[in-house]
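To start, the structure under review is shown below, and the notes come after it.
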Amino acid sequence: AGRSAGVVGWWTTWPAEPVDGFIVSDHLAFNRWDSWAQRGGPGSADPNDWLTWPPELAAELRPQARRPEDIALETLTSIVPFNAREQREMMSAKGPVLFHGPSVFRFGYSTDASNFSFGMYMLEQHEQPDLFATLFVLGDIAGHVFWHHYEPERFAEFDAAEAHLRDAIPSAYRQIDRWTAALVAQLDPTTTIVIVSDHGMGPEGVVPEPGVNPAGDHLPEGILVVAGPKALRGFDFGELASVDFAPTVLNLLGLPSAEDMPGRAPWKR
C-alpha cells in the first residue's frame, strides 16, 4: 500500500522478507529457542542467511548486539536480586536451561537488550518508518520461572526462604517499561503507540523444575493499550481476540484489512 515498515525482533520473521523499510529478524539477537530446537526455514540452508532485510543490515547491526557473555552480573542483579547461589548458576550457565530461572533470565535479557539496541540504532540512524514494531520477551520468561515467588500462596511446596525474588516479575516489567520509554522518546510525537501481549500468564501451582515444568504458564487473556493522536481516550475495547490485532493496526494506519483476515478492528475510523 506504499507504506514503509520497520520490524525488530518480532517472532517468526526469519527468514527476513523484502519490505519497503527494514526487518531485523528474531534470530539476529541471541534466541534461546535455538538452544532448545533446531532452526529451519524456507529458501536457505544456512541459518545465517536472511537475518535482516536488507541483507547487509546484519553486519551494520551486529556491533549493537548484547551477547550473553558480555552482560555484567551487576546489570542482572539490579533488576532481580539473585542470591549468591543463583548468581553462580546464572553466570556459569553455557546456555539457557529450560524453566531454570537465573539462566533463562540472563539469556532472555540478552535477547531483549539486543533488540532494544537494534531498535534505538535504527530509529536514530534511519528515518522512522510508517509502522515500527518490536517485541520484548522478558515478561514471558519471568512469568514462567518466577510465579511461585510472585504468588507463593498458590504453591503448596514453596520455600519461604526464597522470598527475596517476590518482586522478580514486576521488576522484569519495569525493565521493559524503561526500554519502551526510551524507544517512544525517539518516535515522532504524533505517533500512535500500541502495546499488546499475545497472551496472559497465571500460576501452575507447581514449583518449577529445570527441564520439566514451569511455575507459570499462558492464559488467553492479555492486554491491548492504544495511546496517541489516533486513540479514542477512555475507549473500552471489550473482548478481543489475537486475530483482531492486525486489523486494529491496519485501521490505525488508514488501511483496510484483507478480505481473508478473520479478525476485526474494534472501531471503524
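The values are calculated or read from the model by the stated rules, or taken from the named source; none is laboratory data. Keep in mind that what you see is a predicted model, and the values were worked out from it rather than measured. Neighbour counts run over all protein chains shown; Cβ positions are idealised from the backbone, glycine included. For accessibility, only protein heavy atoms count, side chains too; no ligands or nucleic acids. Shrake-Rupley method; radii C 1.70, N 1.55, O 1.52, S 1.80 Å.
Leaving out ligands and nucleic acids, note down the accessible area per residue over segment 130-267 with a 1.4 angstrom probe, in whole Å².
Values: 7670 Å² over 138 residues.
Accessible area per residue, segment 130-267: 56 Å².
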Additional length obtainable on full extension of the chain from VAL243 to SER92, 0.36 nm per residue less Cα span:
50.3 nm
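Which of the chymotrypsin sites (Phe, Trp or Tyr not before Pro) across segment 164-269 are loop residues per DSSP, with 15 or fewer other Cβ within 10 Å?
Values: sites: TYR173, TRP179, PHE235, PHE237, PHE245, TRP267; in loops: PHE235, PHE237, TRP267.
Of the chymotrypsin sites (Phe, Trp or Tyr not before Pro), the ones in loops of segment 164-269 whose Cβ has at most 15 other Cβ atoms within 10 Å are PHE235, PHE237, TRP267.
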Charges on Cβ only, +1 for Lys and Arg, -1 for Asp and Glu, centred on the Cα centroid of the chain; of VAL226, LEU98, ALA246, which one is farthest towards the dipole's positive end?
VAL226
If we sort 6-19, 135-148 on the protection proxy, mean other Cβ atoms within 10 Å, highest first, what's the order?
135-148, 6-19
Given points 7 Å out from each Cα along the Cα-Cβ axis, report the THR12 to ARG264 separation in nanometres with one decimal.
2.3 nm
With only alpha-carbon atoms counted, please give the Rg and Dmax of the chain, in Å.
19.5, 58
With label points built 7 Å along Cα→Cβ from the Cα atoms of ARG233 and ALA5, find their separation and express it in nm.
3.2 nm
If Lys and Arg each add +1 and Asp and Glu each add -1, what is the summed charge of the other residues whose beta carbon sits under 15 Å from the beta carbon of ALA227?
-1
Suppose the Debye formula is applied to equal point scatterers at every Cα of segment 190-269; what is log10 I(q)/I(0) at q = 0.17, 0.21 Å⁻¹?
-0.73, -0.94
